[in-house]
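Reading through the structure tokens given below for one structure.
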Amino acid sequence: MKDKDSKTFSFGQVLLALGFAFILLAVTLIKKIFPFSAFEIASDILSSALLVTLILIVQPFAQKFEKNPVDGIKFISVFLFSLVVISFAFKNLINIQRVGELTTLTSYVDIISANFYNLIYAFLLSIVFSIFLKVFFYERGKEANLKFVVTFSYFAIFELLRRLFEASSLLSLLSGIQIILFIWASFRIPWVINLPKKDKYKVLLFSFLSVSFSFLLQSPFITGNAVEGMRYYSALFFSFTHFYCQPFLIIYFFFVFGSTVFHLPTGEIYERRVTELSTLQNIGKLVARVLDIKDFSETSVKIAMEITNSKSAWVEVRFSNSAQIYGRFGIGEDEMLRVMGQISHIREKFGREYFKESYHIEDLESKIVLVAPLVAHDKVLGLLYLMRDGKSYNQDEINLALAFADQIAIGIENSRLIQESIEKERLAREFELARQMQEKLLPKSLPVSEKFEISALSIPAFEVGGDYYDFVIHNNGNISLIAADVSGKGVSAAFYMAEIKGIFQTLAKIHPKPVDFLAKMNDTILGHIDKKFFITLVYAYFDLQRNVVHIARAGHLPPVLVKGGTLKFLKLPGASVGLMPTHSFRKLLKTLKFKLEKDDLLIFYSDGIIEAVNELNEEFGYERLKKVIVSSSDRHSNEIVNTIYREVINYQGEIQQVDDITIVAVKWKK
Amino acid sequence: MAKREREKNFDVKIEEKNSVKILNLKGYLDAYTSLEFEEVMKKLVEGGSYKLVVNMKNLSYISSAGFGVFMAFVDEVRKNGGDIKFCCLSEKIDEIFELLGFKHIFNVLNSESEAIKSFEKVRVKNVKRRKK
């Protein structure tokens, strides 16, 4: 038996069994001549060895029933039937005679046929017993092992005692205990409960047959002289069959029968559970696969309706501020709306924090409506409605409805999350594109002159804020500088930046003076871009011959001027470009014109600096900017820009940069 | 982890006083929340509400995209004899209004009642004009 793969009977074992059978034949024949008790013991030992060998031989066959008790019982009853037939057949083939107290077989022919009978009997019994053990231990743990060992040991001890003492009253008491032990061992039959109904009927039939055949095998009417043949063959074998095997089978199968009858009604529930489970599993798969809310909610609503025995069903999915009906079955739209109207007070309650009901059943005239919320992450995403006439929903159906509601909720949530991640991905790519655009739009190199040093830095936020700076070098060597911020974010901002670049590069050359340029720019832009957009900018025109700068501000943050050691915010009047008609816009503008001297410092910056917040949500503000500029104003423009940027970054700490940060510093050298 | 961004909460509550819709803004009106706010404005304007007072008392922040929302609707509102007026700006937001030049295109008032009243004046003016 160690080689579990061997499916065929081992030849060696068969030879061994035949050997035992042959020796037994010899012993029984000798016994006829010399009826010594030593031969009785020899035949008992031999028959035991034969039975054990036969049991080993049939193991591969019995193995098939290890996890299949229903077929096991079927085969047991079939083999028991063959035992009955054989016993009945040999009944008349074996003749007995009584010599005083002793019953022996009449002739040697009888002994030989008794040997045949017993050999076949033992073979069939070994099959029955082996299968029986598989059925007995099926789905049972160690307690079954213990119980089996106890019943068998008890049998062995009992047999031993029987040989030693022949007190019959004690014997009947002891055999009574054996019966009790069988009952104790057979008490739990777990596999019956979960059988499908069809199998339960089979089990009922075959356990009944097994009990009946076992009874027949016990009855002298069927077995008659064959029993005497067995007793003569080996008294122990007789005991094993008649006092151990058959009573055990009768009691065990009686319990199987009873237990099956008892659990027959649960068969239906079990079958339904299986369908439910597999349906839910399918829905689960569906949810994972189908991302379209409509698609899978329709499928699941339909199944939910069928499995809860409802007549109509639909699901109401709530989005931020609207509701959508999906998967309406078995009900017209008008009636559905009417029903929903009738229970609108309940619909509203779901999702409110104080509302603790996990479902609601409403009795509407003749119709029963079951409302189950679709809950995901503690949020009510919608409601599942199931409706039927008359009969209210039982707990089972309610649980099912809730399970389906959960599945639909998960599906909706998944679909939403996926949409969201697609959207996020799209946005991330858009921002990446915008960043690339912005990078390309910013000047590659800065103007170099012996008159001034100029440094610039622009760090886009993740979402790209629309900061832009640029230069135009005029034919006479003068320089126009622009620092701008386009409203909005992402690609649209980058798009408008591109437009401004075009406008700036062309218009500034024709209209180098601030007011002229800005007015032209407003003209160009107003009415040609989306009403929502506007541009703030500072425009500075550096006249290098005269060492004069002309500055105008159109809505942008006031540039900083450090002159003679004092810092000033140049709060020049002026509105953003693109807000108002040019005549009004132009009226508001005012150019500041002043002479530039050595160490004069002009700083242009974007709102990303002023509005940068720290962990306490406090803005960087003008004061801090002022301080950092004052402290660094005597350094190189490049260092000034970097110092300001570092200061802002340190101030932000762990907080993410929300807006672009742009700093342009111009420091006069002569 | 929660420090990643400042809170992006925004809320708008609408009430009606003397046929003027008062929009009480609260929180952060930035590039994201302005999308939501644009929907609110759209519904109001499409629903025929043209006299709008935007109360910014509880508004903590407004970005250029936030201003863009008002820009998007102001022409239509004015075409229909209404206006968008602002009141109760915090010092910081008032400064932004000033810098951007919004005070030149929008009427900014100190209190809600003043803003509502300013609509009445227009009505009176119109009546007078018609009488003449």
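The values are calculated or read from the model by the stated rules, or taken from the named source; none is laboratory data. Keep in mind that this is a model prediction, so the values were computed, not measured. Here Cβ is always computed from backbone atoms with ideal geometry, including for glycine, and neighbour counts include all displayed protein chains. The area values use the complete protein model at the heavy-atom level, side chains included, leaving out ligands, DNA and RNA. Shrake-Rupley method; radii C 1.70, N 1.55, O 1.52, S 1.80 Å.
Viscosity 0.692 mPa s, temperature 37 °C: give me the Stokes-Einstein translational D for the protein assembly as shown in µm²/s, with Rh taken as the Kirkwood radius over C-alpha pairs.
Calculated translational D: 91 µm²/s.
Taking only Cα atoms, what is the 0 to 90° angle, nearest 10, from helix A:293-307's long axis to the longest principal axis of chain A?
Once rounded, one gets 30 degrees.
Cα to Cα, under 19 Å, and not fewer than 8 places away if on the same chain: which lysines meet these conditions relative to A:K294?
A:K294 reaches A:K285, A:K302.
Rounded to the nearest whole Å², what accessible area per residue is found for chain B with the 1.4 Å probe?
54 Å²
Using only protein heavy atoms and a 1.4 Å probe, report how much of A:R586 is accessible, in Å² to the nearest 10.
Surface open to solvent at A:R586 totals about 110 Å².
Using Cα pairs closer than 8 Å and at least 6 residues apart in sequence, work out the relative contact order for chain A, in percent.
9 percent
Residue by residue through the range A:62-75, what is 3J(HN,Hα) from phi via Karplus (6.51 cos²θ - 1.76 cosθ + 1.60, θ = phi - 60°)? Round to whole Hz and write x for glycine and proline.
Whole-Hz 3J(HN,Hα) from phi for the range A:62-75: 5, 3, 4, 9, 4, 10, 9, x, 5, 5, x, 5, 4, 5.
Which angle from 0 to 90°, rounded to the nearest 10, does the C-alpha axis of helix A:395-441 make with the longest principal axis of chain A?
Around 30 degrees separate the two axes.
Once ligands and nucleic acids are excluded and a 1.4 Å probe is used, how much of A:E413 is accessible, expressed in Å² to the nearest 10?
Estimated to the nearest 10 Å², A:E413 gives 20 Å².
For the protein assembly as shown, what % of the accessible area comes from carbon and sulfur atoms, probe 1.4 Å?
59 percent
If the cut-off is 20 Å between C-alpha atoms, which aspartates and glutamates fall inside it for B:K43, apart from same-chain ones fewer than 8 positions away?
A:D530, B:D11, B:E15, B:E16, B:D30, B:D75, B:E76, B:D83
Once you average over the residues of B:59-67, how many Cβ atoms of partner chains fall within 10 Å of each Cβ?
Counting other chains' Cβ atoms within 10 Å and averaging over B:59-67 gives 5.
Could you state how much accessible area is buried at the B-A interface, both sides summed, with a 1.4 Å probe, in Å² to the nearest 100?
2400 Å²
Enter the Cα centre distance for the pair the range A:193-228 and the range A:509-571, rounded to the nearest angstrom.
107 Å
How would B:H104, A:H360, A:H528 line up by accessible area, probe 1.4 Å, largest first?
Solvent-accessible surface, decreasing: A:H528, B:H104, A:H360.
Using a Förster radius of 30 Å, what is the FRET efficiency between A:K379 and B:E39 based on their Cβ-Cβ separation? Nearest 0.05, please.
About 0.90, to the nearest 0.05.
Shape of the range A:442-668 from its Cα gyration tensor (a ≥ b ≥ c, root eigenvalues): rounded if a/c is under 1.5, otherwise prolate when a/b > b/c, or oblate?
Cα axes put the range A:442-668 in the oblate bin.
Which length gain, in nm to one decimal place, applies between A:F11 and A:N309 when the Cα-Cα distance is subtracted from 0.36 nm times their residue separation?
101.3 nm
Testing the spin-label approximation: label points 7 Å from Cα along Cα→Cβ at A:N650 and A:V109. State their distance in nm.
Reported label-point gap for A:N650 and A:V109 is 12.2 nm.
Want the number for A:K444 to A:E615: 0.36 nm per residue separation, take away the alpha-carbon distance, what's left?
Taking A:K444 through A:E615 to full extension adds about 58.1 nm, to one decimal.
Roughly what would the spin-label model give for A:F215 and A:Q342, points 7 Å off Cα along C-beta, in nm?
Going by the 7 Å Cα→Cβ label model, 5.8 nm.
Tell me, what is the per residue accessible area of chain A in Å², probe radius 1.4 Å?
48 Å²
Given a Förster radius of 56 Å and the C-beta distance between A:D71 and A:E432 as r, what FRET efficiency does 1/(1 + (r/R0)^6) yield to the nearest 0.05?
It comes to 0.30.
If R₀ is 51 angstrom, what is the calculated FRET efficiency for the pair A:L417 and A:S392, using the beta carbon separation as r and rounding to 0.05?
According to the calculation, E is roughly 0.90.
Could you rank A:H345, A:H474 by how accessible they are, 1.4 Å probe, largest area first?
In descending accessible area the options line up as A:H345, A:H474.
Could you pull out every one of the lysines with an alpha carbon less than 19 Å from that of A:K563, ignoring same-chain neighbours closer than 8 positions?
A:K451, A:K571, A:K593, A:K595, A:K598, A:K626, A:K627, A:K667, A:K669, A:K670
Name the residues of the range A:506-539, by number, that are at least 40 Å² less accessible with every protein chain in place than in the isolated chain; the surface is that of heavy atoms, probe 1.4 Å, without ligands or nucleic acids.
Listed by number, the residues meeting the 40 Å² cut-off are A:K531, A:K532, A:F534.
Quote to one decimal, in nm, the extra length available between A:K598 and A:K670 on full extension: 0.36 nm per residue of separation minus the C-alpha distance between them.
Result: 25.4 nm gained on full extension.
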